[in-house]
Amino acid sequence: MRHELVIEGPGFRLRPVTDADAPLLLELRGDPELSRFLHPTPPVLSNQLSWLAAYYERAGDYYFVVERQRDGAAEGVVALYDLDETRSMAEWGRWILRRGSLAAVESAALVYRCAFDRLALARVYCRTVADNVRVVAFHDSCGCAERRVLPAHFELGGRVFDAIEHGVGRNNWRETVGPHLERLAARLAARVADVQP
């Protein structure tokens, strides 16, 4: 949906995705290493623009570009979506960062901050293809209070994969996940400032 949320951290910010970001989306989703566990996307600009047009009309879907504070360079994308106002929860995903990006920790922290501080949600969860070991390990390391296996949850390229769901409630965010990620993000921000464009 069209929104105006901007969430800033020490090294990165989240800002709303726009049509001008369609080439970035195609670039990220077209990288075979980054898209191994994603639904295939045709490398056609008009298709991506059509997808964005449908996204703008969808309620409860906040899609962001992750960009460096220093120079506004795009590092990737992430989203909070399927917002259920009745249950005060949403899923976060569509998380793709450029190879070698230092934005993982801070972009995760910013998504949680958006969910709990800006949107006042009670719970956020993410679902990762179980074979995506690096991303599953990242979520495991964050201190998420909830973790469960969802058997045969994803179908990608004719194959069926289990998913790992990590859940974070508001108290878990404030007491464990938030302090941990914010501390790491502050440390990484110094490295981000030193990296040349």
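Rule-based calculations on the coordinates, nothing more; no lab input. Owing to the predicted nature of the structure, the values given are computational and were not obtained by experimental measurement. Here the Cβ positions follow ideal geometry from the backbone for every residue, glycine too, while neighbour counts run over all protein chains shown.
Considering only A145, F161, M89, whose Cα is most displaced toward the positive end of the charge dipole of the chain, charges sitting on Cβ of Lys, Arg (+1) and Asp, Glu (-1)?
The residue sitting most towards the positive pole is A145.
Quick one, can you get me the convex hull of the C-alpha atoms of the range 35-117 expressed as volume per residue in Å³?
Numbers: hull volume 10.4 nm³, N = 83.
With only Cα atoms used, the range 35-117 gives 125 Å³ per residue.
With viscosity set to 0.692 mPa s at 37 °C, what whole-number translational diffusion coefficient in µm²/s follows for the chain from Stokes-Einstein and a Kirkwood radius over Cα pairs?
Calculated translational D: 191 µm²/s.
So what is the 222 nm mean residue ellipticity for the chain from helices alone, if each DSSP H run of at least 4 adds -39500 (n - 2.57) and you divide by all residues, rounding to the nearest 500 deg cm²/dmol?
-9000 deg cm²/dmol
Quote the Stokes-Einstein diffusion coefficient, in whole µm² s⁻¹, for the range 100-197, based on the Kirkwood radius over alpha carbon pairs, a temperature of 37 °C and a viscosity of 0.692 mPa s.
225 µm²/s
What number, in percent, do you get for the relative contact order of the range 132-197 if the mean sequence gap of Cα pairs under 8 Å and at least 6 apart is divided by its residue count?
28 percent
Using only alpha carbon pairs under 8 Å that are at least six residues apart, calculate the relative contact order of the range 1-74 and give it in whole percent.
46 percent
With each pseudo-label sitting 7 Å past Cα toward Cβ, what's the F37-N171 distance in nm, one decimal?
Distance between the two pseudo-spin positions: 2.9 nm.
Most exposed first by the Cβ proxy, i.e. fewest other Cβ within 10 Å, how do D61, D162 rank?
Lowest to highest Cβ neighbour count: D162, D61.
Once you have the Kirkwood Rh of the range 16-74 from its Cα pairs, apply Stokes-Einstein at 25 °C and 0.890 mPa s and quote D in µm²/s. Each step should come with its number before you reach the end.
Details: Rh = 12.5 Å.
Value of D from the Cα-based Kirkwood radius: 196 µm²/s.
Below 8 Å, C-alpha to C-alpha, sequence gap of six or more: please give me the relative contact order for the chain in percent.
20 percent
Based on other C-beta atoms within 10 Å, arrange M1, M89 from fewest to most.
Lowest count first: M1, M89.
What ranking do W92, W51, W173 get, fewest neighbouring Cβ atoms within 10 angstrom at the top?
Exposure proxy ranking, most exposed first: W51, W92, W173.
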